[in-house]
Amino acid sequence: MFPLQNHHQATFVYGPEIYEKLVPEDHLLCRINKQVDFSFVNEACKDLYSQNQGRPVIYLPEIMFRSAIVQYLNDYSDRDMEEAARYNIIIKWFIGIPIEDHSYDHSALGDFRDRLGENRWKKLFFIILKQIEDAGFAKGNHSVDASHVIANIAIPGTIGLIRQGIKAIMEEIEKIDPKLYEELGGKKTADKKEKIHTLKLEEKKKKLVEVVEEARAIRGKAEKLESPSVDKKIELLNQILNENIEEKKGKIQKKKEHVKDKLVNIVDKDARHGAKSDSKPFTGYKANIMKSDDGFVTNIIGTAGNTYDGNILVPLVDEKIENSSKPSKIAGDTHYGSAENRYHMLQRGITIVAPIKEDFNPTRLLSQDKFVLDKTGVTCPAGNRTMISNYNDKEGTTIFYFKKEICKQCSLKDQCTKQEGRTITIGKHHELMMEAKEYNKTQAFKDDMKERAHIEPKHAEMKRFHGMARARYWGLPKVNVQFIITAIVVNVKRLANVISSVCYLKPC
């Protein structure tokens, strides 16, 4: 016989005591709370709030900072996080909201992110990294790599992009001169969409001419308003037309030549076309990441998708040194192994471990590495030697010249050069590169590069579990905030998991 159930509440627990009964000690948030001290946040953000004006702050910076960690840990949207902070008991406990509290509106999360901005978020990132280093982690050798992040936009074609420019001007004209706005077609013109996918090739060409002429006509009318805000939109439309359109023999057509740093969408003006490889293009951003060998992100910088990876090494390292500690060795792929990068790292007392990019030799003639170089001259594979040289002060390079009379009689002439005489260019920091080539033949180099491979799983973790595969926001400053918060999240998660692991607690 089943006993009768008493549906009346026997006891009522109210207040913080209920958390002690319901929050399990082995939960990830509980372990993060135990290992990371978040008390610094309120003081670090105090100057961003008025001390004697406005309403008192209800949800302190530490509460909102903890909320950001939960949000990115679970890949929540702002609205998802609002609901979680309202109904999830463990989350309410972690972020510091009383169980009876209704919690914040989702808009408070965006306000907090914007209030801090990328510089303040980066400051908080390094404060937590310092805690991790003080615990004995994130030291030793490092790795560096860039990961592509898709922009949170649709990618319009040429006609669609020009339409965006027209819409931007029309919206500004409506504010300045509503009468002109209506004369130009009003909302019908501003929101006009072209069904390009239904058109044949010749029809698309004709439509492009129509849209360009319409854009130019609207631009002509707008210029007469002499309004600074309208002029900015005119500049934007001009940029779109200049980068995408050309006229040949009086005919308007799509520009065929490649345009560097081309605008791809006016909704997110910082996103750019990039490529993981020749066959894998993308549109968006790059997260340039530096990671310690024990799995902690030690710096992260967001850049446009068309940025060359190797150019970000020095800013990554300098910011890390300024705010944290200096790694002794950094491993990267070929992009980071340039002579200039090696020189700059040498000045900082850091060793670069990276493959050296092979010389591009489309002619298939004898490559430069077949020649023997010394301090005073160059000897070719046929045994001929030259000491004739010219130093380029601007480029920092030295060019050695073989006399055409010698090359003309050489048995290897056809294999060596198509010119009358061969030249050999000695790049800047040549000796540094020769040392690197010798080191790259050693087992130590191979071992270092094996460690570098571990940065790929870190990229995958940040993308697959914490939403960094795609940008959440528009514009590089906000996307960079996304990258920084994601780095904070994987670091505190890593710290909690490592310290609680069996291998850390006792020898294994």
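The values are calculated or read from the model by the stated rules, or taken from the named source; none is laboratory data. The structure displayed is predicted, hence computed values, not measured ones. Don't worry about glycine lacking a Cβ; one is built from the backbone with ideal geometry, like all the others, and counts go over all protein chains shown. Heavy atoms of the whole protein, side chains included, go into the accessibility calculation; ligands, DNA and RNA do not. Shrake-Rupley method; radii C 1.70, N 1.55, O 1.52, S 1.80 Å.
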Pick out the one residue from 130, 122, 167, 139 that is of a type in the set (Lys, Arg) and in contact with a Lys or Arg (Cβ under 9 Å, 6 or more places away or on another chain). 167
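Conditions (1) over 27 Å from the mean Cα position of the chain (by Cα); (2) of a type in the set (D, E, K, R); (3) over 26 Å from residue 283 (Cβ atoms), marked per residue:
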| position | (1), (2), (3) |
| --- | --- |
| 234 | yes, no, no |
| 240 | no, no, no |
| 248 | yes, yes, yes |
| 255 | yes, yes, no |
| 269 | no, yes, no |
Filter pass, residue 351 being surrounded by 15 or more Cβ atoms within 10 Å (Cβ to Cβ), more than 23 Å from the chain's Cα centre (by Cα) and closer than 30 Å to residue 296 by Cβ: yes
Just one of (1) closer than 14 Å to residue 164 by Cβ; (2) assigned to a helix (DSSP H, G or I) trips up residue 192, so point out which. (2)
Of the numbered conditions (1) open to solvent by 60 Å² or more (accessible area, probe 1.4 Å); (2) under 22 Å from the mean Cα position of the chain (by Cα); (3) under 30 Å from residue 415 (Cα atoms), residue 323 satisfies every one except a single condition; which is it? (3)
Unmet requirement for residue 307, which otherwise passes all of (1) out of contact with any helix residue (DSSP H, G or I) (no Cβ under 9 Å at 6 or more places or on another chain); (2) more than 17 Å from residue 334 (Cβ to Cβ): (2)
Counting only residues in region 27-46 that are assigned to a helix (DSSP H, G or I) and within 26 Å of the chain's Cα centre (by Cα), the one farthest from residue 491 (Cα to Cα) is identified as 44
Going through region 111-168 in order, the residues found to be within 14 Å of residue 325 (Cβ to Cβ) and assigned to a loop (DSSP other than H, G, I, E, B) are 135, 136, 137, 138, 139, 140, 141
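Yes/no matrix, rows are residues, columns are (1) part of a loop (DSSP other than H, G, I, E, B); (2) open to solvent by less than 10 Å² (accessible area, probe 1.4 Å):
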| position | (1), (2) |
| --- | --- |
| 284 | no, yes |
| 300 | no, yes |
| 306 | yes, no |
| 312 | no, no |
| 317 | no, yes |
| 330 | no, yes |
Residue match in region 455-463 (condition: modelled with pLDDT of 90 or more, open to solvent by 60 Å² or more (accessible area, probe 1.4 Å) and under 29 Å from residue 343 (Cα atoms)): yes
May I ask you to say which residue of 145, 134 is open to solvent by 70 Å² or more (accessible area, probe 1.4 Å) and either closer than 30 Å to residue 38 by Cα or modelled with pLDDT of 95 or more (or both)? 134
